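Asker: Okay, here's the structure, questions in a sec.
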Amino acid sequence: MFTKGPAVSFRFAFFGLIALALVLISLYTDWLDPVRRELSTLAKPFYQITDVPRRISDWSDETFVSRGELVQEKERLASELLIHQRKLQQMAALAAENVRLRQLLNATEILEDDVLVAELIGVSPNPLSHTLVLNRGSDDGVSVGQPVLDAKGLMGQVIEVGPDSARVLLLTDPSHALPVQVNRNGIRTIAEGTGSLDSLTLRHVSNTTDIRVGDLLVSSGLGQRFPAGYPVAVVEHIERDPGQPFAQITARPMAQMDRTRNVLLVFEAPQVD
Amino acid sequence: MLPDRASVYILVVLTVFVAMLLDVYPLALEYRIFRPQFTLLVVIYWVYILPQSSSMALLLLLGLLQDVTVGAPLGQHPLMLIMVGYLCLRSYRRVRHFARWQESLWVLLLVASAQLLAYWVQALHGRQMDGFEFLLPAVASACCWPLLAMVFDRLRRHYRIARQV
């Protein structure tokens, strides 16, 4: 019993050094990535179990609902469908025209992207990082770097893939940035996450740049990671201080970062040379 | 009396599992900062009860598992657990004579030092936080400790698990 002191210290030094080595190795190299990928299968059950209460409340919301409400919702959806179909009719003509014009310009055709619907099964417990866990993984063809959308706009990208789950980094994470352009006039800039779920900042936009509150920012496709043309955010606030080299611009993301349940994983169509 | 080994292990594993579930339970972003470090608290409790059976290797494995469930950089949780485990093993004889509120204060220190390590690892990976917000989980954990210790003492009495000397 009295010989235990040094033994404990020795064990602490040994295992503490191992842990420290793990931290440094995962910081400076990617040797541990395969280990992480294998281990991530262990994480999925935790998210599935903690998702059960929400599943139950979703189920009861669907089950114990009056016929009147269902009829109402059906009517609302039918009218929404009608509106979208009308837009689609126009789209078909516009797309055909676009293809013809691009052919005239000798530009490559823009192909339609494939999508896969995934369900959100968990959110990161770490208040510093904005990540989500999805129920699709490499078995469904998901790969690292794949863009993730919801119905309103771009949400983020896949950063970690397990066989049947994937971790998504949101646009609003402080370590995330993506190239965007203003839809109105094509000005290119970079939107960075701020760590708050409802704002992005635009970096290095000069005071004289033509950018207004309410401008839509779409992905520019320049980073070779996100496909071009998906809505990202709406400019919410601009502060032009002549004493500062750049204007301070914040934008509100289009995607509903903390509300969406179903998301779309985009598979980019192979480029035609 | 000697505890029945199997039942002890089952109880420890079960409580750690439940704590890990609580650690990843989805919360709104505003409340996430107030989440106590449940797994760490449970580990502290069991190391104080069973100091002779606690193993640093197991803490390392548990930490790795926590890293993947929580989505932290590999090594962060092993580092926290091993440091806290060591402090507990060095101090368990003294802490036994503490009153509950003194225990709480001690837990505040333990979790705060673990949070400091976690914050360091997160900062290495480029995630920063303003001010001392990262210590809030330690305060939440200290507030949670008396309740947790009471419930676990009851469980322990029910399963007749004695403290190791």
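Asker: Restricting to the range B:92-116, name every residue that is under 30 Å from residue A:29 (Cβ atoms) and crowded, with 19+ Cβ neighbours inside 10 Å.
Answerer: To start, the set of residues in the range B:92-116 that are under 30 Å from residue A:29 (Cβ atoms) comprises B:113-116.
Of everything in the range B:92-116, those that are under 30 Å from residue A:29 (Cβ atoms) and crowded, with 19+ Cβ neighbours inside 10 Å turn out to be B:114, B:115.
Asker: For residue A:237, which of the numbered conditions (1) surrounded by fewer than 17 Cβ atoms within 10 Å (Cβ to Cβ); (2) at pLDDT below 90; (3) more than 27 Å from residue A:113 (Cβ to Cβ); (4) over 15 Å from the mean Cα position of the chain (by Cα) fails to hold?
Answerer: Answer for residue A:237: the failing condition is (2).
Asker: Looking only at helices (runs of 4 or more DSSP H) that lie completely in the range B:16-124, which have at least 3 residues being under 13 Å from the mean Cα position of the chain (by Cα)?
Answerer: B:38-49, B:56-70, B:76-95, B:100-124
Asker: Further question: Pairs under 9 Å by beta carbon, first residue within 7 Å of another protein chain (Cβ to nearest Cβ) and within 18 Å of residue A:262 (Cα to Cα) in the range A:31-55, partner crowded, with 16+ Cβ neighbours inside 10 Å and among the small types (Gly, Ala, Ser), six or more apart or different chains?
Answerer: A:47/A:122; A:47/A:165; A:50/A:122
Asker: Next up: Would you check if residue A:31 is within 22 Å of residue B:26 (Cα to Cα) and loosely packed, with under 11 Cβ neighbours inside 10 Å?
Answerer: Criteria not met by residue A:31.
Asker: Quick check on the range B:125-135: of everything there that is at the interface with chain A (Cβ under 9 Å from one of its Cβ atoms) and in a helix (DSSP H, G or I), which residue is surrounded by the fewest Cβ atoms within 10 Å (Cβ to Cβ)?
Answerer: For the range B:125-135, the residue satisfying everything is B:133.
Asker: Report yes if some residue within the range A:190-197 is surrounded by 15 or more Cβ atoms within 10 Å (Cβ to Cβ), of a type in the set (A, V, I, L, M) and modelled with pLDDT of 90 or more; otherwise report no.
Answerer: yes
Asker: Could you tell me whether residue A:38 is acidic (Asp, Glu), part of a helix (DSSP H, G or I) and at pLDDT 90 or above?
Answerer: Taking the combined requirement at face value, the residue does not satisfy it.
Asker: Hey, does the range B:64-79 have a residue that's in contact with a strand residue (DSSP E or B) (Cβ under 7 Å, 6 or more places away or on another chain) and closer than 30 Å to residue A:175 by Cα?
Answerer: yes
Asker: Right, next: May I ask you to list the residues in the range A:197-215 that are outside any loop (DSSP other than H, G, I, E, B), among the β-branched types (Val, Ile, Thr) and more than 21 Å from the chain's Cα centre (by Cα)? Before the answer, list the steps.
Answerer: Let us first name the residues in the range A:197-215 that are outside any loop (DSSP other than H, G, I, E, B), namely A:200-206.
Narrowing the set further to residues that are among the β-branched types (Val, Ile, Thr) leaves A:201, A:205.
Answer for the range A:197-215, where residues must be outside any loop (DSSP other than H, G, I, E, B), among the β-branched types (Val, Ile, Thr) and more than 21 Å from the chain's Cα centre (by Cα): just A:205.
Asker: Scan the range A:176-197 and tell me whether some residue there is in contact (Cβ under 8 Å) with a residue 40 or more places away in the chain and of a type in the set (D, E, K, R).
Answerer: No, the range A:176-197 has no match at all.
Asker: Against the condition free of Cβ contacts under 8 Å to residues at least 60 places away in the same chain and either over 27 Å from residue A:14 (Cα atoms) or at the interface with chain A (Cβ under 8 Å from one of its Cβ atoms) (or both), how does residue B:20 come out, does it pass?
Answerer: Taking the combined requirement at face value, the residue satisfies it.
The values are calculated or read from the model by the stated rules, or taken from the named source; none is laboratory data. Computed from a predicted model, the values in this text were never measured in an experiment. Cβ coordinates were reconstructed from backbone atoms using ideal geometry, including for glycine residues, and neighbour counts include every protein chain displayed.
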